[in-house]
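Worksheet: one structure, shown below.
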Amino acid sequence: MSHDQSPTRLPAPCIIDAGIVLNKQDIKRLLTDLGRVRYIHTLDGKLQSQGEGCILEVFADAQRSTLIANHALYLNVQSFDYLQLQPSAEAETYFDLIQDRRQLRLIPLSNPLQEQSHRTMNVEALEAMVTQVLSAKWDVQMDDDSDNF
């Protein structure tokens, strides 16, 4: 083999709506934006628990646990071997976190597009309020200045 030849580089994986994600950073990125979810926890295919909650934190730390309690989900991607994306009958994607015989299915209840739109509206409303407050402050200062003459 010649030194001039370099090994062929494979392109990075591209997963769209279905597939298996092994990279912990990719799993973390996918889970971070989910928001509100319905979760179904199974062990050996048998239902252990289910409920609804909000994903409050997604992290990767071999010393910390995945915790689900009081409608709050703290997900450690190190707790799972991989994530499987699958489309539902309604053409929405759900997320199966797999570790040996354990499966934690996350079904999104919130839509990132709607939440982003809501956040944008909140930012615009906040900017409008700040503008009004600053304008009112300027009006008060101008009134005070005119009283001094």
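The table that follows gives values for the structure above.
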item	result
Accessible area, probe 1.4 Å, largest first, for residues ARG105, ARG38, ARG64, ARG9	ARG9, ARG64, ARG38, ARG105
Debye log10 I(q)/I(0) for region 1-106, one point scatterer per Cα, at q = 0.22 Å⁻¹	-1.30
LEU43-LEU126 pseudo-label distance in nm [points 7 Å out on the Cα-to-Cβ vector]	4.2
For region 25-86, alpha-carbon Rg over 2.2 N^0.38 Å	1.09
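The values are calculated or read from the model by the stated rules, or taken from the named source; none is laboratory data. The structure presented is a predicted model; accordingly, all values stated were derived computationally and were not measured. Cβ coordinates were reconstructed from backbone atoms using ideal geometry, including for glycine residues, and neighbour counts include every protein chain displayed. Accessible surface is based on the protein model in full, side chains and every heavy atom, while ligands, DNA and RNA are left aside. Shrake-Rupley method; radii C 1.70, N 1.55, O 1.52, S 1.80 Å.
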